[in-house]
Structures are given as structure tokens and as C-alpha cells.
């Protein structure tokens with residue numbers, strides 16, 4: 001009887017312990033993975049806020065409903081947002097000083113111009129023997145649909161090292177094999193830019209765009225450094241910011 005009584009007491013204590021754990025979880029106890037997420041979010045830069053216009057997310061799932069109104073500037077005959085004029089000049093000068101002069105290939109595009117670029121690429125794919133569906137899929141893989149292009153924000157630029165541009169005069173992913181393009185990609189965060197469409201496997205899944213070694217997006221220095229350090233696309237970073245400010 002004594003042994004049975006002790007067994008009953010032991011079982012009761014286990015039940016109480018398990019019940020307490022369940023109650024604690026139901027009252028909002030943080031799971032281990034949530035603790036890591038919360039800690040990571042708490043370390044976001046101060047400028048990582050939903051109202052930071054430098055972090056505006058534009059893609060197929062988040063198209064612009066209307067043309068953005070921003071002060072424009074011009075560099076080498078190419079229009080950009082005034083916001084990035086000085087950072088971009090510093091970026092280009094930094095590359096030149098390092099021995100890798102680069103060319104600003106494109107900057108701001110209106111929605112109408114983006115549509116023209118999209119259609120030209122589509123027609124080119126058709127001329128190469130692709131079917132309608134194949135040509136459309138191939139075009140969407142490298143060019144955003146009108147209203148979904150970052151170029152419409154004035155914050156995105158295509159920059160190519162002269163090592164490659166002067167020889168091939170074409171925007172190609174393999175330009176990253178040159179020392180100049182490698183320098184641009186590595187040092188872009190120091191000037192507030194990130195390589196927007198990355199080579200990592202999750203990059204294509206996250207952004208919906210194939211790897212582009214030339215497309216840089218301005219997000220501000222501290223955000224660029226944070227995103228690069230933690231291997232984040234703007235889509236992933238945007239979600240982290242939303243999660244943090246919803247708590």
C-alpha cells in the first residue's frame with residue numbers, strides 16, 4: 001500500500017508539471033525558435049522601419065499603383081532619384097579609385113518605358129524561336145512587368161564594370177567573373193547599395209528574378225550592411241521589419 005501511495009503521488013506530480021508547462025505555453029510562453037526570431041528582430045537597424053521610403057518593396061506581388069513622386073537628378077545623362085545621387089557618385093568614384101572604373105547603364109524608368117523594355121525582350125525571345133509561353137516566361141525571369149520594376153522608384157541602378165561593359169556592351173551575369181564587378185558587389189553596402197537579385201538558391205525563390213550581377217538597389221548604409229551580413233533579400237528584410245513592428 002505504501003508503495004502504491006508513493007507511486008500515485010509521483011504520477012500526480014508529473015501531471016501537475018506537464019499541466020503547468022501547457023498552461024505556461026497557452027499564456028504566451030515563447031518557443032525557442034521564437035526567442036531567436038525576437039532576438040534577431042530586436043537587432044535590426046534603427047532605420048529599418050515600415051515608413052522608410054528607401055526600403056519600399058516593389059515586385060510582382062507588390063506593384064506600384066501609381067507613379068512615385070520624387071525629386072529627380074541626373075548622372076551621365078541618366079535619371080535617378082536625388083536621394084541616391086551623392087551615394088551613387090561616391091560608389092562610382094570609389095570603384096574608380098580602386099582601379100575599377102564602372103559605367104552607369106540605367107537608372108529610373110517610367111512605367112511606360114518599363115513596358116517598352118519588357119516588350120522588346122519578349123519579341124527578341126520570340127525571334128529566337130521560342131513559343132509565346134516560353135518567351136513570356138523567359139522575359140518575366142529577367143525583367144519585371146510594368147509597375148513591378150524597382151527602376152520605377154529611382155532607387156535602383158544597373159552598374160557594370162568597364163572591364164566587361166566596354167568589351168561586350170551587354171548586361172550579363174557572368175560579368176561577376178571580372179575583378180571589377182566583384183569589387184562593385186563586395187563594396188556596394190559601404191555606399192548604401194545591395195545587389196538586389198542574388199545568386200543564392202533562395203534568391204530566385206524570394207525575389208522572382210534570376211541572378212543579376214549588375215542590379216544594385218539603394219537602401220541606406222546600415223540597412224545594406226545588415227542585409228548583406230545576414231544574407232537577406234529585400235523581400236525577407238521587409239517581412240522581418242513588418243514582423244517586428246506588429247509585435
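The values are calculated or read from the model by the stated rules, or taken from the named source; none is laboratory data. All of these numbers come straight from a predicted model, not from anything done at the bench. Counting neighbours? That spans all protein chains shown, and the Cβs are built from the backbone with ideal geometry, glycine included.
Each residue in region 214-236 was checked for being surrounded by fewer than 21 Cβ atoms within 10 Å (Cβ to Cβ) and in a helix (DSSP H, G or I), and 7 of them qualify.
In this structure, is residue 210 within 30 Å of residue 72 (Cβ to Cβ) and at pLDDT below 95?
On the way: within 30 Å of residue 72 (Cβ to Cβ): yes; at pLDDT below 95: yes.
So residue 210 fits the description; yes.
The residues on offer are 73, 48, and the sole one that is closer than 17 Å to residue 109 by Cα, touching a helix residue (DSSP H, G or I) at 6+ places or on another chain (Cβ under 6 Å) and modelled with pLDDT of 90 or more is 73. Consider region 201-213 and keep the residues that are under 18 Å from residue 240 (Cβ atoms) and touching a helix residue (DSSP H, G or I) at 6+ places or on another chain (Cβ under 7 Å). The one that is surrounded by the fewest Cβ atoms within 10 Å (Cβ to Cβ) is 206.
Does residue 144 satisfy being touching a helix residue (DSSP H, G or I) at 6+ places or on another chain (Cβ under 9 Å) and crowded, with 22+ Cβ neighbours inside 10 Å?
yes
Checked against (1) over 23 Å from residue 84 (Cβ atoms); (2) surrounded by 16 or more Cβ atoms within 10 Å (Cβ to Cβ), residue 198 passes all but a single condition, namely (1).
Would you kindly identify the helices (runs of 4 or more DSSP H) lying entirely within region 68-178 that contain at least 2 residues that are within 24 Å of the chain's Cα centre (by Cα), within 22 Å of residue 58 (Cα to Cα) and in contact (Cβ under 8 Å) with a residue 24 or more places away in the chain?
Values: elements: 85-97, 111-127, 132-142, 162-168.
Result: 85-97, 111-127, 132-142.
Taking region 179-196 as the range and being under 11 Å from residue 213 (Cα atoms) and either part of a strand (DSSP E or B) or at pLDDT below 95 (or both) as the test, the residues that pass are 194, 195.
Being in a loop (DSSP other than H, G, I, E, B) and touching a strand residue (DSSP E or B) at 6+ places or on another chain (Cβ under 6 Å): is that true of residue 211 here?
No, not satisfied.
Within region 51-61, can you find the residues that are modelled with pLDDT of 95 or more and not in a helix (DSSP H, G or I)? Within region 51-61, 51, 52, 56, 57, 58 qualify.
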